[in-house]
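Taking it in order: structure first as structure tokens, then the write-up.
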Amino acid sequence: MDGIIIRDPVAHINITIQYNLVVGTVASGAFLLNEVGHGCDARNLETTASWQPDGKFTLNTPNGNAAKFMPPSMPIAGTPRVALVMARLLVEGEDRGIRPFVVPINDGYRMCQGVKLLSAIGCGDMFDHSLTTFDNVRLEASAMPGDLAKPDDLRLAFLAVIGRLRIGALALSLWIIPFLKTAAFIAGKYSQQRTVQEGVHGERVPFLTFRNQQLPIARALAKIAVMEPFVEWAASQQNNSSLSIMSRHALSVVLKATFIANAQESLGALLERTGAQGMFPENQISNEESLVRCTSTAEGELLVLCIRHATEILLGPSRVPKAENPPSLLAEHEGGINAGLQELLKTFEGHRSAGYNKYILPQCRPMILAIGQRMAFELAPKRGVDRDLLAMYEAEAVRSDSSWYVERLGLSRAAQYEMESTACDAVMSQLNRHLDGLGIEPYCTAPMLPAAKWDDFVSVAQAFTGKADGSGSVFQSKL
């Protein structure tokens, strides 16, 4: 969650992959699990590692759908790279499940024999996400940890192999906090320095004068305030032996769903409120918004994870801590959503029925978000979160499912808006205290802030000049 992440998000991604997924085994590693045709159903991946009589293995990509998708495989800076490649172990033609294989990818300058890299894919700041394929790559017997025996349960064995994704789902979500801090700080300060004239003869007033400018900033500040305590608690629960592995993974998914929802709404709104200048990559917010879109698919595609864990919670194998403050609006919302889905579930033949697909699947992500909003709201007062920001967060959470509160609790739209308006007034009265308290200013390099930085930015930007008279570009009517 350190603000230094803002200066080089790509380095942060690489460190997360290295320490969490590759576990420090090599100097520079990649984790190759998903394939072009197998993301949500990675259990069905097609890359094969065939055991040979001499004890070695042959690694192959059988078709285009089996190309490994979005690993960092590109030769960079002369640093050799290896990858932890997930492949289907074949012993004398028998499928013995998915295993990890340590595979040299490149020597830092050239790809290794039989390893092919295709088209880097940009996402915000450039990261060498690519397609990687293998053609009869020979691997030593030591490339595969473990033995050749077929597991009793292939599904459980697969889940054990990819177990670090549970931590990754939580860890990669954490950079959303400095992203939101940066965006809120830039938008908040910019909205005070940028002015507009009121009417033809009116005085110039700051953008921040207008409610439409205030609300996105106040909402972002409120989200940041409750997210930090939520992270501390959720991370501590990953070592809670009283919770099953499935329940711990569910908590990671709840946090990820909540953080992604917070970021997608706030970064988009703050980017819009900073106008044309905000669209420049140098002003940081647009790059952060792009990286959040990538985060929703990293370490497990968010929608699929929500469907899986909402289903596990509804059916019983997975449990999350219950509400500590049942009378709160957000706890009532969570309980009402869950109870409604439980009743609906009773009318279907099971979670693979057509009815479940039609009526419950679309509500799985909102259900997980409701759990996360309640948890974040509950934990915040225990960590001393500012009461004005907490009230603002509650109003924002209510706004995210406004019709439910109208329908089930009789909380009218006017009452909801009054909640938010009162909270926003309180937050705005202390805006600079809240912005400066984020501790993110040293990492905000946006040239739009302050105005003097913009002049410096323009003075060093590439300039296009010439001596053309422009006559050839004048429109001549042929009528």
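The values are calculated or read from the model by the stated rules, or taken from the named source; none is laboratory data. The structure displayed is predicted, hence computed values, not measured ones. Cβ sites come from the backbone with ideal geometry, for glycine too, and all protein chains shown count toward neighbours.
Every condition in (1) within 22 Å of Pro216 (Cβ to Cβ); (2) more than 13 Å from the chain's Cα centre (by Cα); (3) of a type in the set (A, V, I, L, M, F, W, C) is met by Ile245 except one, and the failing one is (1).
A Cβ distance below 7 Å, combined with a sequence gap of six or more or placement on separate chains, defines the contacts here; from region 413-437, residues that are closer than 12 Å to Ile217 by Cα and in contact (Cβ under 8 Å) with a residue 12 or more places away in the chain reach residues that are surrounded by 13 or more Cβ atoms within 10 Å (Cβ to Cβ) and of a type in the set (Lys, Arg) in the pairs Leu435/Lys189.
In region 444-464, the count of residues that are modelled with pLDDT under 90 and more than 36 Å from the chain's Cα centre (by Cα) is one or more. Residues that are among the small types (Gly, Ala, Ser) and surrounded by 22 or more Cβ atoms within 10 Å (Cβ to Cβ) within region 68-98 comprise Ser73, Ala83, Ala87, listed in sequence order. Specify the residue that is surrounded by the fewest Cβ atoms within 10 Å (Cβ to Cβ); the eligible residues are those in region 290-316 that are β-branched (Val, Ile, Thr) and in a helix (DSSP H, G or I). Of everything passing the filter in region 290-316, Val304 is surrounded by the fewest Cβ atoms within 10 Å (Cβ to Cβ). Do we find a residue being within 29 Å of Trp175 (Cα to Cα), at pLDDT 65 or above and out of contact with any Pro (no Cβ under 9 Å at 6 or more places or on another chain) anywhere in region 105-113? Within region 105-113 (the criterion being within 29 Å of Trp175 (Cα to Cα), at pLDDT 65 or above and out of contact with any Pro (no Cβ under 9 Å at 6 or more places or on another chain)), the answer is no, since none of the residues qualifies.
Would you be able to say whether some residue in region 450-457 is farther than 23 Å from Glu312 by Cβ, touching a Gly at 6+ places or on another chain (Cβ under 6 Å) and not aromatic (Phe, Trp, Tyr)? No, region 450-457 contains no residue that is farther than 23 Å from Glu312 by Cβ, touching a Gly at 6+ places or on another chain (Cβ under 6 Å) and not aromatic (Phe, Trp, Tyr). Any idea which of (1) more than 27 Å from Arg365 (Cβ to Cβ); (2) in a helix (DSSP H, G or I); (3) at pLDDT 90 or above is the one Val205 doesn't satisfy? So the condition that Val205 fails would be (2). Which ones in region 328-368 are closer than 28 Å to Gln238 by Cα and part of a loop (DSSP other than H, G, I, E, B)? Within region 328-368, Ser328, His351 qualify. Right, Phe348: in the same structural domain as Ala222 (by the TED database), in contact with a Gly (Cβ under 9 Å, 6 or more places away or on another chain), at negative phi and not aliphatic (A, V, I, L, M) or not? In short, yes. Cβ-Cβ distances below 9 Å connect the following pairs, each with a first residue in region 178-206 that is over 13 Å from Ala446 (Cβ atoms), a second residue that is among the basic types (Lys, Arg) and not in a helix (DSSP H, G or I), and a separation of six or more residues or different chains: Thr195/Arg204; Val196/Arg204; Gln197/Arg204; Glu198/Arg204; Pro206/Arg194. It is to be established whether one or more residues within region 80-99 are of a type in the set (Asp, Glu), in a strand (DSSP E or B) and under 24 Å from Leu156 (Cβ atoms). Yes, region 80-99 contains at least one residue that is of a type in the set (Asp, Glu), in a strand (DSSP E or B) and under 24 Å from Leu156 (Cβ atoms).
If I filter region 130-171 down to residues being outside any helix (DSSP H, G or I) and free of Cβ contacts under 8 Å to residues at least 60 places away in the same chain, which single residue comes out as nearest to Ala298 (Cα to Cα)? In this case the residue turns out to be Pro145.
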